[in-house]
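What follows is one structure encoded as structure tokens, with my remarks underneath.
The values are calculated or read from the model by the stated rules, or taken from the named source; none is laboratory data. Keep in mind the model is a prediction, meaning the values are calculated, not measured. Cβ sites come from the backbone with ideal geometry, for glycine too, and all protein chains shown count toward neighbours.
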Amino acid sequence: MKSDEGEEYEFENAVKPEGNIEEWMQRVDDEMKKTLHVLTKRATFHYAKEDRVEWVQKHIGMVTLVGTQIWWTFAIEDVFKRR
């Protein structure tokens, strides 16, 4: 997949263009969601272990936004739990 901004990623599992177009497009959409889920989980896992600038540059924008929000939420919840 490639965005208008030039960011790109590869599907975890290739989707062959075969069968009815509606079914093929649904398989593409499903694989896109699955792949983004995997990429987000991987990136979020490595967030605290890598330099932030390198981490942001290494991953696509939507993944870095979600990963950053997850860690920010964790940090805020941690502060409230300590009080």
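The criterion of being modelled with pLDDT of 95 or more, more than 16 Å from the chain's Cα centre (by Cα) and among the hydroxyl-bearing types (Ser, Thr, Tyr) holds for residue 73.
In a residue-by-residue description of region 62-81, the property of being touching a Gly at 6+ places or on another chain (Cβ under 8 Å) and closer than 22 Å to residue 1 by Cα applies to no position. Which count do you get for residues in region 30-50 that are over 11 Å from the mean Cα position of the chain (by Cα) and within 21 Å of residue 73 (Cβ to Cβ)? Counting residues in region 30-50 that are over 11 Å from the mean Cα position of the chain (by Cα) and within 21 Å of residue 73 (Cβ to Cβ) gives 6.
Taking the condition outside any strand (DSSP E or B) and in contact with a Pro (Cβ under 8 Å, 6 or more places away or on another chain), does residue 24 pass?
Here the answer is yes, as residue 24 does meet what is asked.
Residue pairs whose Cβ atoms lie under 7 Å apart, separated by 6 or more positions or on different chains, with the first residue in region 33-48 and surrounded by 16 or more Cβ atoms within 10 Å (Cβ to Cβ) and the second of a type in the set (D, E, K, R), are 35/12.
Filtered by the rule that a residue be among the charged types (D, E, K, R) and not in a helix (DSSP H, G or I), region 56-83 gives a lone residue, 83.
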